[in-house]
Amino acid sequence: MKDLDKIIEATVAGLGYELVDVERPNRGRMLRIFIDRPGSGIATGVTVEDCERTSRQVSRVLEVEGIDYDRLEVSSPGLDRVLKKPADFRRFVGEPASVSLRAPVGGRKRFTGVLRGASDEGVELEVDGAMHTFRFADVERARLVPRV
């Protein structure tokens with residue numbers, strides 16, 4: 001399915017958007033695509049029209065590629081945007097985030113704090129005044145935490 005991700009990413013990028021995530025619920029029969037405007041910050045600049053445009057183009061490309069699916073949804077990533085790539089973490093340095101690890105560190109798997117930095121290998125998170133560094137290979141899930 002990595003080819004599917006590459007096809008979708010190329011299509012989305014060709015329209016001027018960033019592919020944030022692809023989910024495949026319902027045993028892969030449904031495709032849920034999250035897009036954003038590159039460099040748009042926390043408040044996503046994605047409109048309903050952007051989602052419609054992307055949906056039409058991705059549908060056409062998947063048909064040409066012979067990729068079978070039942071349903072396609074295109075959406076903005078929302079305020080609790082998922083963080084996956086090192087560039088995502090770098091883009092949102094200074095923002096609150098939640099990181100869940102694959103295995104416990106110091107007896108815990110979930111950390112919520114402020115993103116302080118990211119390299120190609122890992123992320124720095126300040127939690128209650130203490131700095132924690134996690135390798136991306138150890139991160140199971142990471143999301144922005146909306147400010148109230």
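The values are calculated or read from the model by the stated rules, or taken from the named source; none is laboratory data. These figures come from a predicted structure and were not determined experimentally. Note that we place each Cβ from the backbone using ideal geometry, even for glycine, and neighbour counts take in every protein chain shown. What goes into the accessible areas is simple: the full protein's heavy atoms, side chains included, and nothing from ligands, DNA or RNA. Shrake-Rupley method; radii C 1.70, N 1.55, O 1.52, S 1.80 Å.
Which residue fluctuates the most in the chain, going by a Gaussian network model with Cα springs under 10 Å, if the choices are ASP80, ASP88, ASP128?
Looking only at ASP80, ASP88, ASP128, the largest GNM fluctuation is found for ASP128.
Hey, what number do you get for the chain at 222 nm if only DSSP H runs of n ≥ 4 count, each worth -39500 (n - 2.57), divided across all residues, to the nearest 500?
Calculated mean residue ellipticity at 222 nm is -8000 deg cm²/dmol.
So, counting K/R as plus one and D/E as minus one, what does the shell of residues with Cβ under 13 Å around GLU18 add up to?
0
If you fit an axis through the alpha-carbon atoms of helix 48-65 and take the longest principal axis of the Cα set of the chain, what angle between them do you get, 0 to 90°, nearest 10?
60 degrees
How much area per residue is accessible in the chain when the probe is 1.4 Å and only protein heavy atoms are counted (Å²)?
Accessible surface, normalised per residue, equals 57 Å².
If I fit a long axis through the Cα atoms of helix 2-14 and take the longest principal axis of the Cα atoms of the chain, what angle between them do I get, 0 to 90°, rounded to 10?
Result, in degrees: 80.
Work out the FRET efficiency for ASP5 and ARG37 from their Cβ-Cβ distance, taking R0 = 22 Å, and round it to the nearest 0.05.
Computed FRET efficiency for ASP5 and ARG37: 0.65.
GNM, the chain, Cα, under 10 Å: largest mean-square fluctuation among GLU63, GLU126, GLU95?
GLU63
GNM on the chain, C-alpha springs below 10 Å: top fluctuator among ALA137, ALA97, ALA13?
In this elastic network of the chain, the residue with the biggest mean-square fluctuation among ALA137, ALA97, ALA13 is ALA137.
How much of the accessible area of the chain, in percent, comes from carbon and sulfur atoms when a 1.4 Å probe is used? If you can, show how the numbers build up before the last one.
Working: 4140 of 8450 Å².
With neighbouring chains kept in place, the figure for the chain is 49 percent.
What nm distance separates the two modelled labels at VAL22 and ARG141, each placed 7 Å from Cα along Cα→Cβ?
It is 2.1 nm.
Going by amide H atoms built from the backbone, whose H comes under 5 Å of the H on VAL105, apart from near neighbours?
For VAL105, no residues qualify.
Taking 1 over the mean of 1/r across every pair of different Cα atoms in the chain, what Kirkwood radius in Å do you get?
16.4 Å
When the dipole is taken about the Cα centre of region 52-116, and only Lys, Arg (+1) and Asp, Glu (-1) are charged at their Cβ, what size is it in debye, to the nearest 20?
580 debye
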